[in-house]
Amino acid sequence: MPRLRFLGTGTSTGVPQIGCHCEVCCSTDLCDKRLRTSAMLSLDNGAHILIDCGPDFRQQMLRWPYDKIDAALITHEHYDHVGGIDDLRPFSFRKSIDVYANERCAHNLKQRIPYCFAEKKYPGVPNISLHGLSELKPFSVAGVEGVPVEVLHDQLPIWGYRIGGMAYITDMSSISSDEMLKLDGVKLLVINALRHTMHHSHQSLSQALQVIDKANAQTAYLVHMSHEMGLHAIVDKSLPPHVHLAYDGLEVEW
């Protein structure tokens, strides 16, 4: 049975937010300690697929016993989602890691960390095979089919991914009706919800709940949350029975 572990569930500043003394940032509940959003998908064929690789990646990997990563899916090029790519190097000593992203994001990565893609690489840099995908068509990743799901992050088109019965969406502010069809009947939907009030580039909690209903998702977990979402212990109890706040380290099956 496939499994998804939430490596991080926080927004770009993480939780606690530096310099903040609100009740969430001062909470002693480990569910309120949120590294930047990322996840690890473990497949029945033994493959591990990383979803986003943010600046907390090294810290996240030290917590869990993963000794290999077969591929990485990148949603978009913002630092909180790609800032840890250099730390893929220990996982790429034995073989190259396939990294998938849309064409714009792949181009941005080549500019940001050019030494990883130079013709003559410096010894020890991450061994990455970067795949810039130009079309919203299914592709093969680690022996399974991946389906890109394009959403808008304010005005920036970014990608989520559906693999089998799981779909992973982060940093979304809106989604078209055509792309919404790709989520229909999903068993496990991971989707972003920044806070209770509206935001120009991220969904609010109420907006996320509307998308979950439209997708007819059996189970949904919320990610990319700021301290303004509130205390995990309180907010999680207020949600519909099939919707939950994810937290760092949680592993789910479907």
With respect to the numbered conditions (1) in a loop (DSSP other than H, G, I, E, B); (2) out of contact with any Cys (no Cβ under 7 Å at 6 or more places or on another chain); (3) open to solvent by less than 70 Å² (accessible area, probe 1.4 Å), which one is the sole condition not fulfilled by Leu109?
(1)
Taking the conditions exactly as written (assigned to a loop (DSSP other than H, G, I, E, B) and open to solvent by 60 Å² or more (accessible area, probe 1.4 Å)), does Glu23 satisfy them or not?
yes
Taking Asp52, is it crowded, with 20+ Cβ neighbours inside 10 Å, of a type in the set (D, E, K, R) and modelled with pLDDT of 95 or more?
yes
Show the residue pairs that are 6+ apart or on different chains and have beta-carbon atoms under 6 Å apart, the first residue being within the range 127-145 and over 22 Å from His107 (Cβ atoms), the second being among the polar types (S, T, N, Q) and modelled with pLDDT of 95 or more.
Gly143/Asn45
Among the candidates Ser201, Ser174, residue that is small (Gly, Ala, Ser), under 19 Å from the mean Cα position of the chain (by Cα) and under 16 Å from Asp80 (Cβ atoms):
Ser201
Residue among Arg58, Arg89 that alone is modelled with pLDDT of 95 or more, closer than 19 Å to His224 by Cα, part of a helix (DSSP H, G or I) and of a type in the set (D, E, K, R)
Arg58
List pairs: first residue in the range 212-230 and within 25 Å of Cys53 (Cα to Cα), second residue open to solvent by 40 Å² or more (accessible area, probe 1.4 Å) and not in a loop (DSSP other than H, G, I, E, B) anywhere in the structure, Cβ distance under 6 angstrom, at least six positions apart or on different chains.
Tyr221/His244; Ser226/Arg195; Glu228/Arg195; Met229/Arg195
Here is a list of conditions, (1) open to solvent by less than 10 Å² (accessible area, probe 1.4 Å); (2) free of Cβ contacts under 8 Å to residues at least 24 places away in the same chain; (3) aliphatic (A, V, I, L, M), and Ala118 meets all of them except one; can you say which number that is?
(1)
So, of the residues in the range 121-135 that are outside any loop (DSSP other than H, G, I, E, B) and in contact with a helix residue (DSSP H, G or I) (Cβ under 9 Å, 6 or more places away or on another chain), which turns out to be least open to solvent (accessible area, probe 1.4 Å)?
Ile128
Pull up the range 55-79, narrow it to residues that are among the hydroxyl-bearing types (Ser, Thr, Tyr) and open to solvent by 20 Å² or more (accessible area, probe 1.4 Å), then point me to the one that is farthest from Ile169 (Cα to Cα).
Tyr66
Being open to solvent by less than 30 Å² (accessible area, probe 1.4 Å) and more than 20 Å from Lys187 (Cα to Cα) is the filter here; which residues of the range 26-46 pass it?
Ser27, Cys31, Asp32, Arg34, Leu35, Thr37
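With the structure loaded, tell me whether Lys95 is basic (Lys, Arg) and at pLDDT below 95 or whether it fails that test.
It is true that Lys95 is basic (Lys, Arg) and at pLDDT below 95.
The values are calculated or read from the model by the stated rules, or taken from the named source; none is laboratory data. Source: prediction; values computed, not measured. Backbone-built Cβ (ideal geometry, glycine too); neighbour counts: all protein chains shown. We work out accessible area using only protein heavy atoms, side chains counted, and drop any ligands, DNA or RNA first. Shrake-Rupley method; radii C 1.70, N 1.55, O 1.52, S 1.80 Å.
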